[in-house]
Amino acid sequence: MPDTPAAPATAGAPAVEQHTIDHVPETERHGRVRDLFTMWFGTNIAPLPLVTGAMGVQVFHQSFWSSVLAILVGQLVGAVFMALHSAQGPQLGVPQMIQSRAQFGSVGALLIVVVAAAMYIGFFASNIILAGKSLHGLAPAVPVDAGIVLGALGSALICWVGYRLIHTLNKIATWVLGIGILVGLAVVITRGLPDNFFSAGSFTFAGWLATVSLSALWQLAFAPYVSDYSRYLPRTVRTASTFWATYWGSCLGSTLPFLAGTVIGLASPGTDDTVAGFDSAAGSFGPVVLLLFLFSVINHNALNLYGAVLSLITVVQTFRPSWTPRQTARGIVSALVLIGALVIATALSSDFVSSFVNLVLVLLVVLVPWTAINLIDFYLVHRGNYALADLFAPDGGRYGRFNPVALTSYALGILVQLPFVATSLYTGPLVAPLGGADLSWLVGLVVTAPVYYVWARRVAAHATPEPAEIAASDPSPAA
């Protein structure tokens, strides 16, 4: 894989994104690798990581320092996998779910695509609920349901414009939200913390592990679409630069609201709504916090809608290989997803967020083995060299419709996790001996990776050699 300096941005790149799931040709690549830092820093400063960060002290009853350590460990470990996916984008120029056809086959990959789409839609619905509540908190005359609709429409507009606007808004968000949340925390601390702030809670290994898992899973949840936001960069960007820009942007951006959630969870112990607790604890700065979170949710949620749309377009294109969807298709599918998410959000707004956290944990059980297979295949089996034209071939080309090696390894990766899953929807038999900690993600990675590597390497030794270079021309059906 190339490891040369980044190329300058391509002049004249369209403001409104024209591509969907097709390959981005070299002539249309643009941007700089440093944009990935602001992309993932700005994206992660949002209410949902604030709520998730508070769970260490609110749900697992950890002390402040125990929760802080767990959050840091989880972020630093989880972001490794997330950033490794991001580094694939410039090399391939296709969305992550399309690239998964190289491991699972054109039809076999649909299993992952559908799961990813469900997760995106769920994230989108939960975030517009938070947007509605934030807007209602700022302007009580605006009903929560109306706020939900307005927040959803804002995200849909960003999604429709696409890649360039998403990156631009996150450059702004990096400074505005970063400074805003730091000032908000400073105000909370200055106004005084409870006397038992550092003595509340305690360290328990099980609770600490559970907090680590939540923190790591936040990063792993980005894996299915993180390379969608690096695929427009020139192929000449250094792989290491892509990795580190994504890694530190996501790590620092998510750690900040996670730690803020820990502080608010201890500073407002009687408040279940962490966002409302931040508003109250910040005093006169509270409305500013709500306004920043409203912008954050709308901005962040555009990524969930964008990912859902690309996933659903991938499903349709699998059965209509000759179809090359463009911007109009993205707009139509966005509208359909928007309507469906609004129905879900307005019907379940009272308790959807708490229920959704458990649903995401279950969905991640089926995404973790995919992460292991995808990374092992890209970095160790095929070493970044794929026949891109075959990813769009009606019969899957050399990758076929189904890849039994990947699908069997994937099924095994799910099965080994089940005894370690800890959610309200399902709890495995080995959770209690671990004191309630959910280590399913770690078990899934540790088991799936070596199994797939050994098996795939044996099959690759007898397969048709991969191309020496990734195709530079557009391999999509329109080419």
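The figures follow:
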quantity: Under Karplus coefficients 6.51, -1.76 and 1.60, residue-wise ³J(HN,Hα) of the range 208-214 in Hz, glycine/proline x; calculated: 5, 4, 4, 5, 4, 4, 4
quantity: Potential extension, V114-S280 segment - 0.36 nm per residue separation minus Cα distance; calculated: 55.8 nm
quantity: Rounded to whole Hz, the Karplus (6.51, -1.76, 1.60) HN-Hα couplings of the range 85-98, x for glycine and proline; calculated: 5, 4, 5, 6, x, x, 6, 10, x, 10, x, 4, 5, 5
quantity: Folded to 0 to 90 degrees: helix 110-138 orientation relative to the chain principal axis, Cα; calculated: 30
quantity: Per-selection Kirkwood Rh - the chain (Cα, Å, 1 d.p.); calculated: 22.6
quantity: Listed residues I298, V366, G201: farthest to the positive end of the dipole of the chain (Cβ charges); calculated: V366
quantity: Computed magnitude of the charge dipole of the chain (debye, nearest 20; Cβ of K, R +1, Cβ of D, E -1); calculated: 600
quantity: Options F123, S213, I158, ranked by Cα towards positive dipole end of the chain, top entry (Cβ charges); calculated: I158
quantity: Zone residues, the range 261-283, relative to T190, backbone N less than 18 Å from point 7 Å out along Cα-to-Cβ; calculated: 264, 278-283
quantity: Centre separation in Å (Cα based) which lies between the range 398-460 and the range 270-320; calculated: 30
quantity: Relative frequency of Cα-Cα separations exceeding 28 Å in the range 106-256, percent; calculated: 39
quantity: Solvent-accessible ranking of L425, L442, L361, largest area first, probe 1.4 Å; calculated: L425, L442, L361
quantity: Cα principal axis extents for the range 224-332, largest first, Å; calculated: 57, 36, 20
quantity: Per-residue SASA entry for S424, accessible area with 1.4 Å probe, Å² rounded to 10; calculated: 90
quantity: Probe 1.4 Å, all protein chains present, accessible-area order of F205, F197, largest first; calculated: F205, F197
quantity: Distance (nanometres) between label positions extended 7 Å along Cα→Cβ at R457 and F402; calculated: 2.8
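The values are calculated or read from the model by the stated rules, or taken from the named source; none is laboratory data. Values in this document were obtained by computation on a predicted structure and should not be read as measured data. Cβ coordinates were reconstructed from backbone atoms using ideal geometry, including for glycine residues, and neighbour counts include every protein chain displayed. Just so you know, the surface numbers come from the protein's heavy atoms only, side chains and all, with ligands and any DNA or RNA stripped out. Shrake-Rupley method; radii C 1.70, N 1.55, O 1.52, S 1.80 Å.
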